[in-house]
1. May I ask you to list the residues of segment 12-42 whose amide nitrogen lies under 16 Å from a point 7 Å from Cα along the Cα→beta-carbon direction of Met1?
2. Average projected area of the Cα convex hull of segment 1-45, in nm²?
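Every number in this text was worked out from the coordinates using simple rules, so none of it is lab data. Being a predicted model, the structure only gives us computed values, none of them experimental. Using ideal geometry, Cβ is built from the backbone for each residue, glycine included, and neighbour counts are taken over all protein chains shown.
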Amino acid sequence: MTAEQILDHIELYRQKMIILASRSSMVDNEVIEVSSKLDILINQYFHLTKNGSQIDRCALK
């Protein structure tokens, strides 16, 4: 997966987490699962971009 694809997935999971949390709570199991996947994606992105070509990290905000 490319850095841009990872950023797209990060945004999708971020939106999904917000929607789920607004319907339940931040400690709901499904919210925690999505949050964990989001953490993995963010770590993959930083690992992929730390030494190679740097994509604008502001895109994560």
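1. Flagged as within label range: 12-17, 33-42.
2. Details: hull surface 10.7 nm².
Taking the Cα atoms of segment 1-45, their convex hull projects to 2.7 nm² on average.
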